[in-house]
1. Suppose R0 equals 51 Å; then what is the FRET efficiency for A:Asp44 and B:Asp141 from their Cβ-Cβ distance, rounded to the nearest 0.05?
2. On a C-alpha basis, how far is the centre of the stretch B:184-225 from the centre of the stretch A:44-73 in Å? Whole number, if you could?
3. Place +1 on the Cβ of every Lys and Arg and -1 on the Cβ of every Asp and Glu in chain B, take the dipole about the Cα centre, and give the residue among B:Ser306, B:Val293, B:Met1 whose Cα lies farthest towards its positive end.
4. How large is ³J(HN,Hα), in whole Hz, for each residue of the stretch A:140-147 in order, when computed from phi with the Karplus curve 6.51 cos²θ - 1.76 cosθ + 1.60 and θ = phi - 60°, using x for Gly and Pro?
5. If I model a spin label at A:Trp331 and B:Arg179 as a point 7 Å from the Cα along the Cα→Cβ vector, what separation in nanometres do I get?
6. Express the accessible area of chain B per residue in Å², computed with a 1.4 Å probe while the remaining protein chains stay in the model.
7. Show me, for the stretch B:172-188, the HN-Hα J-couplings you get by feeding each phi into the Karplus relation (A = 6.51, B = -1.76, C = 1.60, θ = phi - 60°), rounded to Hz, glycine and proline as x.
8. At what distance in nm do the modelled label points of B:Met112 and A:Ser231 sit from each other, each positioned 7 Å from its Cα along Cα→Cβ?
2 protein chains.
Amino acid sequence: MKKLINDPDHVVRESLEGFAAAHPDLVRVSFDPTYVVRADGVPDGRVGVLSGGGSGHEPMHNGFVGRGMLDAACPGEVFTSPTPDQMLAATQAVDAGAGVLHLVKNYTGDVMNFEMAEEMGEGEGIDVRSVLIDDDVAVEDSTYTAGRRGVGGTVLIEKLCGAAADAGHTLDEIADLARACNDEVRSMGMALTSCTVPSAGEPTFDLGENEIEIGIGIHGEPGRDRIPLESADEIVERLMEPILSDLPFKEGDDVLLFVNGMGATPIMELYLCYRKALQLAEAHGLTVVRNLVGPYITSLEMAGLSITILRMNERRTALWDAPVHTPGLRWGR
Amino acid sequence: MKKLINDPDHVVRESLEGFAAAHPDLVRVSFDPTYVVRADGVPDGRVGVLSGGGSGHEPMHNGFVGRGMLDAACPGEVFTSPTPDQMLAATQAVDAGAGVLHLVKNYTGDVMNFEMAEEMGEGEGIDVRSVLIDDDVAVEDSTYTAGRRGVGGTVLIEKLCGAAADAGHTLDEIADLARACNDEVRSMGMALTSCTVPSAGEPTFDLGENEIEIGIGIHGEPGRDRIPLESADEIVERLMEPILSDLPFKEGDDVLLFVNGMGATPIMELYLCYRKALQLAEAHGLTVVRNLVGPYITSLEMAGLSITILRMNERRTALWDAPVHTPGLRWGR
């Protein structure tokens with residue numbers, strides 16, 4: 001295992017210390033329990049938006065805390081769910097009287113712990129809504145999941161919900177937005193190489209010299225097929241076909257096309273794949289009105305990519321275009 | 001070789017097609033000869049800022065074309081200098097009557113071709129200034145270089161010069177700024193793994209299972225030492241010591257600290273290394289007033305990092321904070 005780490009048990013802690021030191025204008029990091037909140041706090045009467053999950057997917061979720069996206073994130077150990085006490089402390093920190101939305105990726109540990117945190121938050125008098133994200137079309141159930149896994153759609157939903165909170169929408173309205181987006185977003189990923197969890201010290205899975213995994217999960221959990229290496233265009237077709245055929249909306253619709261790097265994929269290759277994905281989306285009758293290309297939901301040093309398509313409309317496009325300023329995603333107009 | 005590509009000879013072209021399709025609001029890509037310019041053009045009477053070099057270091061340089069940074073970039077084939085005709089065409093495209101600054105990383109091919117382009121530009125009546133960037137303290141001469149190599153400092157100088165052009169500074173003033181920054185910036189990098197050039201089809205160099213290369217170049221060219229794997233803190237010390245001892249400025253100065261991922265390094269590891277680099281900078285008496293953490297000048301899928309320290313002052317900090325909106329680096333305030 002070659003990694004830029006010290007003691008494998010301290011990776012998350014030491015990384016968060018560096019993260020906090022790098023971005024004091026945007027985030028505050030608390031330890032015991034561990035959570036990240038926006039530095040400027042949530043204004044009175046505004047909804048708080050929170051997410052969390054295992055570490056190792058950076059910039060998601062910590063890197064999306066700031067202005068115009070998440071108000072809080074709860075990082076677990078690498079590929080391990082955060083605990084309910086982390087979630088409760090973060091929920092309390094970003095409750096400004098209008099309630100807190102929990103965005104939960106569909107993995108068994110996350111779901112269980114967020115359910116407990118929701119109850120604990122309600123017990124403290126905080127209005128908590130929880131929305132499950134399960135956009136991965138690759139498999140129906142998987143190693144850590146009953147039902148579809150939550151993957152790339154999470155990044156997009158976090159952006160839109162953060163913008164909606166900034167715009168003063170209510171907790172119910174933002175929860176409805178998250179659910180509606182989750183109903184209309186689909187993703188699928190693939191891997192060229194494995195990732196290595198620091199505490200495990202060896203690759204999560206083995207792929208042959210010319211083998212790739214189609215439908216990979218973001219923790220290296222198995223996908224649909226293990227096949228010989230193909231051209232980028234063929235691989236993109238293999239990801240786009242299941243996404244397009246599963247879309248619950250019709251030709252002529254506007255979409256956001258997101259080509260995500262798994263961690264070790266050169267930017268050059270992501271744009272090369274975006275080119276093909278765009279051609280296929282257009283051939284399917286979709287209009288790509290917005291896009292995102294880059295490593296935003298990663299699996300440590302895995303090489304590979306995922307593709308996500310989200311239906312857009314006027315409201316979602318306006319929320320997408322709203323200013324965002326976080327360590328991992330930011331723009332201004 | 002496992003890569004997300006089609007024909008190795010078409011990687012740069014197909015990637016640029018995807019890049020152009022993804023960012024029509026920010027860039028225009030021309031082919032024959034190949035160059036990238038900002039979509040909204042250079043306003044009359046404003047200096048144009050141009051850079052270029054081999055592809056494979058994305059987001060540098062193409063990803064830094066837009067508003068508030070580069071006006072044009074000339075991408076060569078992977079790790080291969082662009083040609084003078086590319087540079088001339090791009091220079092002509094961004095000349096708005098106030099001249100064009102060429103920011104040139106110190107590699108023999110780039111230097112030679114940019115010199116020719118400068119002459120050709122002057123022959124066309126365009127006022128061209130060229131500034132050489134050579135911030136890498138690892139080696140005095142190297143495979144592709146007489147003198148020190150140009151690395152991470154390039155990203156920072158491109159940002160500052162782009163902001164200065166936006167602020168209406170003259171060609172001489174911006175060239176002076178670039179030279180002054182180059183005099184006060186130092187970098188050094190290391191690799192855990194090699195990169196693979198698509199047309200070569202095999203890793204550029206071999207590292208043993210527990211071996212790392214200290215002082216690596218951004219094309220995989222040899223550095224100072226090949227040593228057994230160490231802890232992240234020890235590795236960061238090995239990079240920071242030569243940088244700090246070479247700084248031509250004194251304790252008490254303000255600096256920007258840039259921790260750069262080489263391509264395959266998890267963001268989590270970059271922040272973990274930032275933590276240690278910050279501690280060492282502060283112990284050396286420097287005040288880190290700004291920072292940048294992430295993969296900005298990469299070497300395809302190489303795992304590793306580089307560290308860059310640039311002296312800051314009031315003017316540079318204001319230019320750093322100025323809005324920037326490019327595919328690879330953007331923020332707004």
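1. Numbers: r = 62 Å, r/R0 = 1.21.
For R0 = 51 Å, the calculated efficiency reads 0.25.
2. 35
3. Result: B:Val293.
4. Result, rounded to whole Hz: 7, 10, 8, 3, 10, 9, 9, x.
5. If labels sit at A:Trp331 and B:Arg179, their model points lie 3.8 nm apart.
6. Working: 10880 Å² over 333 residues.
Solvent-accessible surface per residue comes out at 33 Å².
7. 5, 5, 6, 5, 4, 4, 4, 5, 5, 5, 4, 5, 10, 10, 9, 9, 7
8. 3.4
The values are calculated or read from the model by the stated rules, or taken from the named source; none is laboratory data. Quick caveat, the model's predicted, so the values are computed rather than measured. All Cβ positions, even for glycine, are placed from backbone atoms using ideal geometry, and neighbour counts span all protein chains on display. The protein model used for the area step is the full one, side chains on, heavy atoms only, and it has no ligands, DNA or RNA in it. Shrake-Rupley method; radii C 1.70, N 1.55, O 1.52, S 1.80 Å.
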